[in-house]
1. Go through 103/222; 42/320; 51/204; 31/264; 168/318; 51/318 and tell me which ones have a Cα-Cα distance over 27 Å in this structure.
2. With Cα Rg over 2.2 N^0.38 Å defined as stated, name the option among (i) 1.26; (ii) 1.05; (iii) 1.70 computed from the structure displayed.
3. Say each of residue 234 and residue 372 gets a label point 7 Å from the Cα, pointing the same way as Cα to Cβ; how far apart are those two points in nm?
4. Provide the FRET efficiency to the nearest 0.05 for the residue 252-residue 161 pair, computing r from the beta carbons and using R0 = 45 Å.
5. What spacing in nm lies between the two simple spin-label points modelled at residue 114 and residue 190, each 7 Å away from Cα in the Cβ direction?
6. Could you list the trypsin sites (Lys or Arg not before Pro) in the range 24-63 that lie in coil according to DSSP, counting only those with at most 14 other Cβ atoms within 10 Å of their Cβ?
7. Hey, rough spin-label estimate for residue 308 and residue 365, points 7 angstrom out along Cα→Cβ, what's it come to in nanometres?
8. Please give the helix 3-17 orientation as an angle from the longest Cα principal axis of the chain, in degrees from 0 to 90, rounded to the nearest 10.
Amino acid sequence: MSSQGKLAAAIMLALAANARAELSLFDNRLKLEGFATFGMIKADDPQVTVKVDDRTSTGSTNDVRLDADSQISGQATVVLSNSVKGVVQLLAKKDDKSQFKPKVEWAYLSWQASDELDFKLGRSVAPIFLMSDYRNLFYAQTAARPSIAYSTNPITWQDGINVLWEPKVGSNNFTVDAFYGKTRLSVGSSVSIDFSKAWGIAGKWSSGPFSARLGYSSYDYKVTAPPIAGLIGFVATIPPAFCSNCAQLMSKEMDIEHGKSNLKTFGLAYDDEQYIAQAEWARREQTLANAPVTDSYYAMGGIRYGSLTPYLMYTNFKTKGDKLPFSGPAASPYADTLGFLRSTRLGIGSPDGNTYTLGLRWDLAPRIALKAQIDHMRFSQPELGSTFVVKFPQNIYASPALGLSKQYFDGRVNLYTLNLDMIF
C-alpha cells in the first residue's frame, strides 16, 4: 500500500474511533486521546512547489496531494499523583525525508507546585507563537492551518524545562510562560539545524473575549547543509584580486556553525463565540548576513453562522537588511556570479510577498470540522526564486518579453485546500 493509502486508512480508523472521544482507564489515571487531519491540496502553477510546512518534503506542483496537511496523533496522559503527571504525544506526518511515521512530539513530566505554578521537564511545546500550544491541532484553529507567517520559526518542541505561572488578578487572567533547552529542525533532505541553546519567555493577558500575548526567544544554532557549506567555501576561495572581501564576509557574516538568532512576537485575539479576530506580528533577527531580519504578520477575521464559519486572512512576509556587499572589479570573471549570489541572497532567493486567504469552516458533527480554503499568493521579486516554503526557480534574466513565458513565473500562485479535521 502506498504512503497516501496508509494515511487514508489511518485517518478513517481515527474517524471511526471519533464517536467515543477520549478514553479514560484505571480510575481516570490513564487518559488516551488524539487528533487527525485528512487533507487535500493543489497548487495551480507548474513552475511552483507550494508546501504547507517547512518540516515536510511534500508540496503541490500543479497536482493534487493527499499527504501535505494530513496527519494523525495520539496522546497518553498518566496521572501519577494529585500534582504529578506524565504526557507522551506521538505525531505521524510526512516529514522532510518523505516518511510518514510516528515521532515523539511531547514526552514530559509535569509537576503542579501550586494552583498558579507548573513545571514541565522533558520534551514539551516550545511556546513561541499565539497558537504554539495547538499548532499541530488544526481542528482547534479557525483556518485550515497556521498562516505562512509561522514559517518565520518552524520550531514546535524543545527538550528541557518549561515553567508556567498563572497568577489570579481579579477578572483578568495572566500567564507567564518560560522555557530553556535545546531542539532540532530538519527543513530538507540535506539541511538540518541543531539548536544547542534555546530559551524564551512570553506573557499573556486575557479578559472576556480579548487576549494579548508578547514573546521573546533566543537561539544558538549550527546549520548542517553540505550544498550551502560548499557554496560558502567556493565564494571564500575567490582570489582577492577579483573579490577583496569574499573570504572575510564568508568567515564572519556566514558562519553557519555558530549562528545566533532571536524572535520577537506580539499577538492579539478576540472571540465572543460569534465574531473571531486574530492578528500576530513576528520579527526574526539572526547573524547570517543573507537574511539578517525577517518580518511577518497576519490578520484574520471570521463570523460564526451556526455550524458555518466563513473567514478571511491576510499575511505579509518580508526579509530586510543589506545583501552581501561583495567588492570586486566589474570586469572580473567572477562579476556575474557574485552579482547573481548577491541578488539572490547567496542562492536562497526571496520569499517576500503577500497572501490573501478566503475560507469556510463547517462543523459538521461534534469534534469534526470540514474546511475549504483558497490562498492567493503574490511574490514581490519572483525573478530571484525562492527556496522557502513556496519554492520557485531563479530566473533573473527572463521575462515574457523575451519569449520565455512558459518558463517564467509571474509571482502569483493559488493553493486550494480541502481538510477534514477531527479530535477523538
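1. 42/320; 51/204; 31/264; 168/318
2. The calculated read-out lines up with (ii).
3. 4.7
4. So, using R0 = 45 Å, E works out to roughly 0.85.
5. Output for this residue pair reads 5.5 nm.
6. On the way: sites: 29, 31, 42, 51, 55; in loops: 29, 55.
Of the trypsin sites (Lys or Arg not before Pro), the ones in loops of the range 24-63 whose Cβ has at most 14 other Cβ atoms within 10 Å are 29.
7. 2.1
8. Roughly 20 degrees between the two axes.
Only the coordinates and a few stated rules stand behind these numbers; no lab work does. All figures in this text were calculated on a predicted structure; none of them were measured in a lab. Here Cβ is always computed from backbone atoms with ideal geometry, including for glycine, and neighbour counts include all displayed protein chains.
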